[in-house]
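J.: The structure under discussion is supplied below as C-alpha cells; questions concerning it will follow.
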Amino acid sequence: MPHRRLPPPVFRSLLIVALLLPLWSMAGDHAQAAPDWGRLDRALKREAANGHLLVTEVTDGACADQPVHGWQADRRLAIASTFKFYVLAELIHQIERGQATWRERYPIQDEYRSMPSGDLAYAPTGTRVTLEVLATAMIGESDNTATDHLIARLGRTNVEAAFAR
C-alpha cells in the first residue's frame, strides 16, 4: 500500500471541529443525563447571540419531524465560507482513495479566477500549484480562486456529495 501523507494538522483539527462536533454529543453511554437546554440557551445568548441551534434525531440519514430542541432555530443564516470545509473534506476523501495527492500540481486557469480574492487570483495563467497550496490558501486566506480551482479539480458533484455526507 503506497504511503500517503496525512492532511496538515490544522486541516485535521478544522475538520474534526466542523464536521464531527455534532457526533460528540452522541458518544458514550445512552443512559446519560438529559441536556440542560435552558443552561445551553443562556450560554448561546451570551456567547453567540447571532447564532442559532437546532437539535434533532437523525434516523437512516433523515431528520425527525419534530426537533428535540431549538434556539433561534427559525433564523436563516448564510453559511459563508464554511462550505470550504466540505471542499476540504472531499479533497481528503480523494487522497484517502488514491484519486489525488497533496503534491499533485494543478494549473491556474482563467475560468476559475475569482477577483480580487486571495493571492492566487494574480498568479499567471498556467502556473502549477500543489493541491496542498490550494487547500492552504482556501482555508488560511479564504482564497476563492484556490477554492474554485479545487472544486474544478475534485468535481463539483463530488464536492456536493461531500456536503450531503
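J.: From the set of residues in the stretch 71-103 that are in contact with a strand residue (DSSP E or B) (Cβ under 9 Å, 6 or more places away or on another chain), under 18 Å from Ile139 (Cα atoms) and not β-branched (Val, Ile, Thr), which is surrounded by the most Cβ atoms within 10 Å (Cβ to Cβ)?
T.: My answer is Trp102.
J.: Give me a count of the residues in the stretch 143-165 that are polar (S, T, N, Q) and under 17 Å from Ala89 (Cβ atoms).
T.: Qualifying residue count for the region: 3.
J.: I would also like to ask the following. Sort out which residues of the stretch 115-165 are among the acidic types (Asp, Glu) and open to solvent by 70 Å² or more (accessible area, probe 1.4 Å), and write them in order of number.
T.: Result: Asp119, Glu141, Glu160.
J.: Something else about it: Return the residue satisfying two criteria in turn: it lies in the stretch 44-70 and is aliphatic (A, V, I, L, M) and assigned to a loop (DSSP other than H, G, I, E, B), and of such residues it is surrounded by the fewest Cβ atoms within 10 Å (Cβ to Cβ). Let's see the steps before the verdict.
T.: Kept after step one, since they are aliphatic (A, V, I, L, M), are these residues of the stretch 44-70: 44, 48-49, 53-55, 58, 62, 64, 68.
Retained after the next criterion (residues that are assigned to a loop (DSSP other than H, G, I, E, B)): 48-49, 64, 68.
Values: Ala48: 12, Ala49: 8, Ala64: 10, Val68: 12.
Step by step, filter the stretch 44-70, then rank; the result is Ala49.
The values are calculated or read from the model by the stated rules, or taken from the named source; none is laboratory data. All values derive from a computational prediction rather than experimental measurement. Heads up, the Cβs are rebuilt from the backbone with ideal geometry, glycines too, and the neighbour counts pull from every protein chain shown. All accessible areas refer to the heavy atoms of the entire protein, side chains included, with ligands and DNA or RNA removed. Shrake-Rupley method; radii C 1.70, N 1.55, O 1.52, S 1.80 Å.
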